[in-house]
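Enquirer: I'd like to ask some things about the structure below.
Readers should treat all values here as calculations from the given coordinates under stated rules, not as data from a laboratory. Not measured: the values here are computed from a predicted model. With ideal geometry, Cβ positions are generated from the backbone for all residues, glycine too; neighbour counts draw on all protein chains shown.
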Amino acid sequence: MLTLQNCLLLSALVFATGVFGVIARRNALIVLMSVELMLNAVNIAFVAFARFYPGTSQSVAGHLEPAKAPAGHIFVLLTMAVAAAEAAVGLAIVLAWFRNRKTTDTEEMRNLRW
Amino acid sequence: MSHSVLRETFFVIFAFLAIFGAFLTVSRRNPMYSAVSLILFFGAVSGVMMILSAPFLALMQLMVYAGAILVLFLFVIMLLALREEELGEERPWPLQLLTGIGCAVLFGLLAAAILRAPSAPAPAVGGDFGSPAEVGRSMFAEWVLPFEIVSVLILAATMGSVVLAKKHLDRPEPAEEPADTHGPGGGH
């Protein structure tokens, strides 16, 4: 059951759910949460590949050995940092928008100035 | 053997919890309920990462997503304090159905590609696989440049959020209550 394919299927299903949320919902907050879902789906795929294909890394002595911290783990950490930055900027935009227009509806976000 | 059975059982449980949380997140009308469902999703993903031998990432998932990003979402939701009539209307249901079908097709395409890939058994890894010490060593030995670039990105995002969310950038904030110097019997 714990196979690479099942992990990737979980990742794909969560990603498709996030795509649905971004397209089908009109509330800007829920759209941002769906983006977080998609980023997390990618993280699951990274961790799964890192577990099943860890690759090699250079040891201190200079020869190749099975990696104990594969590149996928580092990528996940970088993705988390980018997701945090994205959430902060996105929520600040929603907040500024709500202050001016009293709505969080993405359909109302048609113009750059008013 | 029982150890591996336990691990597989927990993988199935966490996977279904993650899918359930994701579905709830995109389907709730009130963003507060979506945010609470997102906690379930983040916790379940953290469990999946733990089962996939990434203990440091599982902890980071809980701390960064459930601890920081979700609190940010909850703060903004409470700051907006949307009432029921302010939630706005949803898209018409035929459009939602069409989007759902499109996303199901997307998942089908991805699943077809995934199921064609070879499924290798998981290689045995040591107890320190993905531990904080190993991830830190790898990050500061091999990936130090991306790490530094991310710090610049976070600095830019921090300043951008402050600029975007602040009310008046060019004028100072008005005083809370102007001093009333003409009031009768001012307590001088």
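Enquirer: Convert 10 °C to kelvin, take the viscosity as 1.306 mPa s, use the Kirkwood radius over C-alpha pairs of the stretch A:47-100 as Rh, and evaluate the Stokes-Einstein diffusion coefficient in µm²/s, rounded to a whole number.
Expert: Values: Rh = 13.8 Å.
It diffuses with D of about 115 µm²/s by this estimate.
Enquirer: In chain B, if the dipole is taken from +1 on Lys/Arg beta carbons and -1 on Asp/Glu beta carbons about the Cα centre, which of B:Ile114, B:Tyr65, B:Phe11 is farthest to the positive end?
Expert: Most positive-ward Cα: B:Ile114.
Enquirer: If you don't mind, another one. Going by amide H atoms built from the backbone, whose H comes under 5 Å of the H on A:Ser57, apart from near neighbours?
Expert: A:Glu65, A:Ala67
Enquirer: Dipole size in debye (nearest 20) for chain B around its Cα centre, Lys and Arg Cβ +1, Asp and Glu Cβ -1?
Expert: Charge dipole, chain B, about its Cα centre: 640 debye, nearest 20.
Enquirer: Between B:Leu109 and B:Phe147, what is the label-point separation in nm under the 7 Å Cα-to-beta-carbon projection?
Expert: A separation of 3.8 nm, rounded to one decimal place.
Enquirer: What is the distance in Å between the Cα centroid of the stretch B:12-46 and that of the stretch A:61-101?
Expert: 20
Enquirer: Now a separate question. Counting only other chains, and only Cβ atoms inside 10 Å, what mean value do you get across the residues of B:124-133? Mind dumping the intermediate values first?
Expert: Numbers: counts 1, 7, 2, 1, 2, 9, 10, 2, 1, 2.
Per-residue shielding by partner chains comes out at 4.
Enquirer: If you don't mind, another one. Rounding to the nearest 10 and keeping the result within 0 to 90°, find how far the Cα-based axis of helix B:93-116 lies from the longest principal axis of chain B.
Expert: 40
Enquirer: Follow-up. When a/c is below 1.5 the answer is rounded, else prolate if a/b is larger than b/c, else oblate, so apply that to chain A with a ≥ b ≥ c taken from the square roots of the Cα gyration tensor eigenvalues.
Expert: Working: a/c = 5.27, a/b = 2.16, b/c = 2.44.
It is oblate, given that a/c is not under 1.5 and a/b is not larger than b/c.
Enquirer: Further question on the same structure: Over every pair of different alpha-carbon atoms in the protein assembly as shown, take the mean of 1/r and invert it; report that Kirkwood radius in Å. Could the numbers behind the result be given before it?
Expert: Working: mean 1/r = 0.0467 Å⁻¹.
Every distinct Cα pair counted, the radius reaches 21.4 Å.
Enquirer: Please give the per residue volume of the convex hull enclosing the alpha carbon atoms of chain B, rounded to a whole number of Å³.
Expert: Details: hull volume 51.8 nm³, N = 188.
So the per-residue hull volume is 276 Å³.
Enquirer: Mind listing P(r) for the stretch B:1-97? All alpha-carbon pairs, 10 Å bins, whole percents.
Expert: Final binned percentages: 15, 36, 28, 15, 5, 0.
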